[in-house]
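The values are calculated or read from the model by the stated rules, or taken from the named source; none is laboratory data. The structure presented is a predicted model; accordingly, all values stated were derived computationally and were not measured. For neighbour counting, all protein chains shown are included, and Cβ atoms are generated from backbone atoms with ideal geometry for every residue, glycine included.
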Amino acid sequence: MRASVIAALLILAVPGFVRAQSMADDQVPISFTLSAKPSTIRAGSNATGGGVLGRRSSGGALGIDSVANWSSYFYYQGLDSNGFTQFSWQYTMVGNAPFSQGHDQDWEGETTWIGAPVVPVSLDLRNFDGSPRFVGNQRLFSDATQFVAPVLNSPVFSKTSYTSSETPTQFTDAVQRAEFIHKSDDEWHTLLRPRVATPRTMVLIRGTYRFALNADGSCCAFVLIDEGAFFNALFPPTFSGTDTTTPVGAAETSGDIRTRDISSFLFPNAYLYIGGNPSNCCILGFHTYDLEQGGPTNGFQERRYVLNYSSWISPGLFGGGFSDVTALSHEMSETFNDPFGNNLTPWWLSPNGNCQNDLEVGDVIEGLPNGVFPTVLHGFTYHPQNEALLEWFAGVTPSSAISGAYSYPDTTVLTTANVSQNFACTPPLP
């Protein structure tokens, strides 16, 4: 059963569209997503000074069976989720700590390897009665397996050069090293070990989705899915641990994904809309964990399967550089920085207008003109997203990250630290 905390990548508002008469009533034009634009807001602040990062780790989260993790803290005056003043902020990240644990224990940096199964999930679009659907003699089936190879070759899983590492490394490791560049040694890395898991299929009944056909009439340029229907179809309905009817449940039951993994459920140009209205589109990905009960084999610890839903994004569907692995890089980086979705921070207002109080490193930058970091790898230009660094959330001035930066790999996206905001970024009282 999925955890209650889910971090979304991006919600884009799409104006109304005009449907061609020859289209099915739930078909949308291929240009539908091009009009999507992020919303913006502005508010005042109650800044009182810069923050400070802690220098030690308190170890990992206790009483859970999940991915390798460690915890630490920073100091920065801000307001919590209830509007009360708070000075000390705990956080948990993936891997092993880059610095000492406890009071006197020395800690040598080391490489943490984490299993990273990629589960391709194809979409089987059905009629109201559950029968296979055809439009123009073409079956409405969107195949996710065609995107597995380019995802594995992408910077998320393949190594390339970054300024934060003496040797080529993966994207998320490079971002994490940039945050702790002066607190870790050259051997400290957190690396993903990808493997291709059994492909799964999500069946969707007409009325829960919209679709756009490719230029040749084949399925599908993209599929828009009702958010509620998507969650119900993706996650197991109970804590039984024996579900085989949903992609996540089947992957857990078969052993394709494990609690010590970070699992990626890869979809083919599949985007979510909210409230039953396709104009409230599009969510391109989220990270969370599926919570299952423990048993005698794991000391009755709760099982947390850390995972993300990420869509491959074909070029030309969105503006702002969103393409290929933008969603996956965003969600994987946020997972590294907040695997359980409970790292709270002082309220922050980012340059793109997002107002939040959590350690969501991708949400700060998504949709900005220089939001992506084009990277050529294996002859293909990928578009991973730039990420905000821990120092930005903690208000550290000057930044203790690589080159005094607040963003990475492009260190010029964020040039100043977060200024702690009033509750929900409301303007200060006169």
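Here are the numbers for this structure:
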| read-out | value |
| --- | --- |
| Matching residues in region 161-172 - criterion: being closer than 13 Å to LEU191 by Cβ and among the polar types (S, T, N, Q) | SER165, THR167, THR169, GLN170, THR172 |
| Condition broken by THR297, with the remaining ones in (1) more than 14 Å from the chain's Cα centre (by Cα); (2) in contact (Cβ under 8 Å) with a residue 24 or more places away in the chain; (3) on the phi < 0 side of the Ramachandran plot satisfied | (2) |
| Among (1) out of contact with any helix residue (DSSP H, G or I) (no Cβ under 9 Å at 6 or more places or on another chain); (2) farther than 24 Å from ASN127 by Cα; (3) buried (at least 19 other Cβ atoms within 10 Å of the Cβ), the one test that LEU192 misses | (1) |
| Top-ranked residue in region 195-223 [being in contact with a Ser or Thr (Cβ under 6 Å, 6 or more places away or on another chain) and assigned to a loop (DSSP other than H, G, I, E, B); ranked as surrounded by the fewest Cβ atoms within 10 Å (Cβ to Cβ)] | PRO199 |
| Selection within region 61-100 - without any contact (Cβ under 8 Å) to a residue 60 or more places away in the chain, more than 16 Å from SER420 (Cα to Cα), of a type in the set (Gly, Ala, Ser) and surrounded by fewer than 16 Cβ atoms within 10 Å (Cβ to Cβ) | SER100 |
| Candidate set: region 250-262, residues that are surrounded by fewer than 24 Cβ atoms within 10 Å (Cβ to Cβ) and not hydrophobic (A, V, I, L, M, F, W, C); chosen: the one nearest to GLN146 (Cα to Cα) | ASP256 |
| Qualifying residue in region 355-362 (condition: surrounded by fewer than 24 Cβ atoms within 10 Å (Cβ to Cβ) and in a loop (DSSP other than H, G, I, E, B)) | no |
| Residue pairs meeting the criteria (Cβ under 6 Å; at least 6 apart or on separate chains; first more than 19 Å from ASP324 (Cβ to Cβ), in region 155-177; second part of a helix (DSSP H, G or I) and not small (Gly, Ala, Ser)) | SER164/ARG177; SER164/ILE402; SER165/ARG177; GLN176/PHE336 |
| Identity of the residue in region 181-212, closer than 18 Å to PHE147 by Cβ and of a type in the set (A, V, I, L, M), that ends up farthest from the chain's Cα centre (by Cα) | ALA212 |
| Criterion: modelled with pLDDT under 95 and touching a His at 6+ places or on another chain (Cβ under 7 Å) - qualifying residue of THR111, THR169 | THR111 |
| Region 229-259: number of residues that are within 26 Å of ASN280 (Cα to Cα) and either in contact (Cβ under 8 Å) with a residue 24 or more places away in the chain or hydroxyl-bearing (Ser, Thr, Tyr) (or both) | 11 |
| Residue satisfying condition, being closer than 22 Å to PRO98 by Cα and among the charged types (D, E, K, R), within set GLU366, GLU391 | GLU391 |
| Test: residue in region 380-399 that is surrounded by fewer than 22 Cβ atoms within 10 Å (Cβ to Cβ) and closer than 27 Å to GLY54 by Cβ | yes |
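Listed here are the residues, each with its yes/no results for (1) farther than 26 Å from SER165 by Cβ; (2) modelled with pLDDT of 95 or more; (3) not polar (S, T, N, Q).
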residue: ARG303; (1), (2), (3): yes, no, yes
residue: GLU334; (1), (2), (3): no, yes, yes
residue: ASN357; (1), (2), (3): yes, yes, no
residue: GLU366; (1), (2), (3): no, no, yes
